[in-house]
1. If each residue's Cβ is checked for other Cβ atoms within 10 Å, how do Cys65, Cys319 rank with the fewest at the top?
2. If you project the alpha carbons of region 235-437 onto the principal axes, what extent comes out on each, in Å, largest first?
3. Projecting each Cα onto the charge dipole of region 2-230 (Lys/Arg +1, Asp/Glu -1 at the beta carbon, about the Cα centre), which of Gly153, Ser90, Ile104 comes out farthest on the positive side?
4. Restricting to lysines 8 or more places apart or on different chains, can you count the pairs in region 171-328 with Cα atoms under 20 Å from each other?
5. Placing +1 on the Cβ of each Lys and Arg and -1 on the Cβ of each Asp and Glu in region 224-302, which of Ala269, Leu293, Tyr254 has its Cα farthest towards the positive end of the resulting dipole?
6. What distance in nm lies between label points placed 7 Å from Cα along the C-beta direction at Phe278 and Asn201?
7. With no solvent and one equal point scatterer per Cα, compute the Debye intensity ratio I(q)/I(0) for region 2-230 at 0.11 Å⁻¹ and report its log10, rounded to two decimals.
8. I want to check the label-to-label distance for Ala79 and Ala124. Put each point 7 Å from Cα in the C-beta direction and report it in nm to one decimal.
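Laboratory data are not the source of any read-out in this text; all were calculated from the coordinates shown. Remember, predicted model here, so these are calculated numbers, not experimental data. Positions of Cβ are generated from backbone atoms using ideal geometry, with glycine treated the same way; all protein chains shown enter the neighbour counts.
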Amino acid sequence: MVIGQGAIADRFAYYALQSAYLIFAGTVHNSQSIDDAAIDAEEALMAEALATIKAPTVLVYFSSCSIEELAASQSPYVAHKQRMERLILSSGVRHLIFRLPQLIAPSGQGGLVDVFADAIQSGARLDVWKGATRNFIDIDDVYRIVHKLLADGRHVNQLINVASSRPTEVSELIGVLEHYFGRAGNYNYVERGTHSVIDVNAIAATVNELGIDFDSEYLWKGVNKYYAHRITSPLLLSVIIPTYNQSAGIDEFYRRTKAVLTRLAPRFAHELIFVNDFSADDTYLKLKKLAMLDPAVKVVNFARNFGNQIAITAGVDYCRGDLAVIIDDDLQDPPEIILDFIAKWSEGFKVVYGVRPKRQGTNFFFRLLAKTFYRLIRRLSDTNIPNDTGDFRLIDKVVIDQLRLMKEENRYYRGMVAWVGFPQTGYVYERDRRYAGTSNFSPQKYISFALNGLTSFTDKPLYFSSLFGFVMTGAAFVLALYLTIAKLLNPEMSIQGWTSMVVVMMFFGGIQLFSIGVLGIYISKIYREVKQRPLFIVQELLNIDENQPPMDPKILHGKPDKVAGATATLPE
């Protein structure tokens, strides 16, 4: 559960459905604008939460490092944070208190970076504490550190500072913002403020394990990440959703996904592309209603059922995004994980795929088969296809362009994305239970899907058949030679064993049929490819121009790439 609003509440949205932790993000975040009524309301909200929380749930509260700063210790904001901490400590509730410094977060959240950015862009005059330093930290790094500590499970009833190990002068922040926006600020230095000293030893090992580097470029990267939309058009995020008979869960999926996409504004505009694979229920009627209410909802309606992988293909072909997320609408893959994918993508990865070593709602036998399949195809294929992954992933525009060039009918998107290359990384999460209904994948479809994946990215089964045939032929030759020599040396010896002979013949007959079957699968794939039929047929498009065909990758390659936030150069 998550209580509160603002950058922390938005970033920890994934925990809204978790019962192990109650995230108290709060509502009072601006230390310069204090509303007594808001303070009283938040303290009452904390008291109510402490009274209702039950073990083993852990309350996670985000406090402020300003509590340790002498210059700010008398402010109403700090006094409020101190009272909140005392409420928690005196309650006896299992808890974790994380003290945060000034955050580098999406613009519009009202932090110090926001205040200075607004002032520099508007030309407003403001006072700057001359001697002040701050241990700025990216909200995404806060999430990564806290998420890691919570997952570890060993930290409870502790107070931990989560901040950069590198104090940064406020004047350095102003210099970065001035250079980024290309204009000088109008400010007045005030002889006030101190160099903050924050003990971050408790998170040092976690920071090192996560590979977070608080170097001299850290602040610049954060500004470029969250403020690029102020000097260029927002990037477009496409969410591609193949759907089939999901009427029972489509509204809840839309609600949760839309909430995530709203949190990404104004950095990203968005579109949701639902590809209806000829559903037999009223899925399409619900999609039509959503498209009428929300212009960002776009629908591709197939003329017949073409399958999940072709539905993904249609979504990729029709999307217009600078990046895209592929996700199923059964809510087994939480839409809130998109925030984590975006954070990884911001680090420079062109593909971020979900890794789900644990799955809720599936039996042991199915999990065993799935793990075996992933490891088998990884071992047999020349393409490095990650283990325990599905189609839930983020792909950059450069990857989208290459996927559009791949027109084979037998499609295995997990392998295709891996084959394309570019920097790729995984994000581990636990897959949830299906929100509603049952899986539309029958055992026959799973077998067909597995065979298609195996034969699309390796021809080793053909070589195995040849190798086995060669070995058996050699063994038969050796056996025949042995029997011939034995008969010559002992003419009285009789060679017996009609039963064993029949068994051997049936064995080799089975091997031959199996080898012919493997060969037949590959020939069948060739036969289907050479017909060159269209991959899909569209019956109707909603909120998509019907006169505009799917994106042509050749045309796309003639356009300049729009790289996330890459609109300014790093100051020397």
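1. Cys65, Cys319
2. So the extents along the principal axes, rounded to whole Å, are 47, 37, 32.
3. Of the candidates, Gly153 comes out farthest on the positive side.
4. Details: Lys258/Lys286; Lys258/Lys288; Lys258/Lys289; Lys258/Lys298; Lys286/Lys298; Lys288/Lys298; Lys289/Lys298.
Close lysine pairs found across region 171-328: 7.
5. Positive-end residue among those listed: Ala269.
6. Reported label-point gap for Phe278 and Asn201 is 6.7 nm.
7. -0.56
8. Here the modelled spin labels are 2.5 nm apart.
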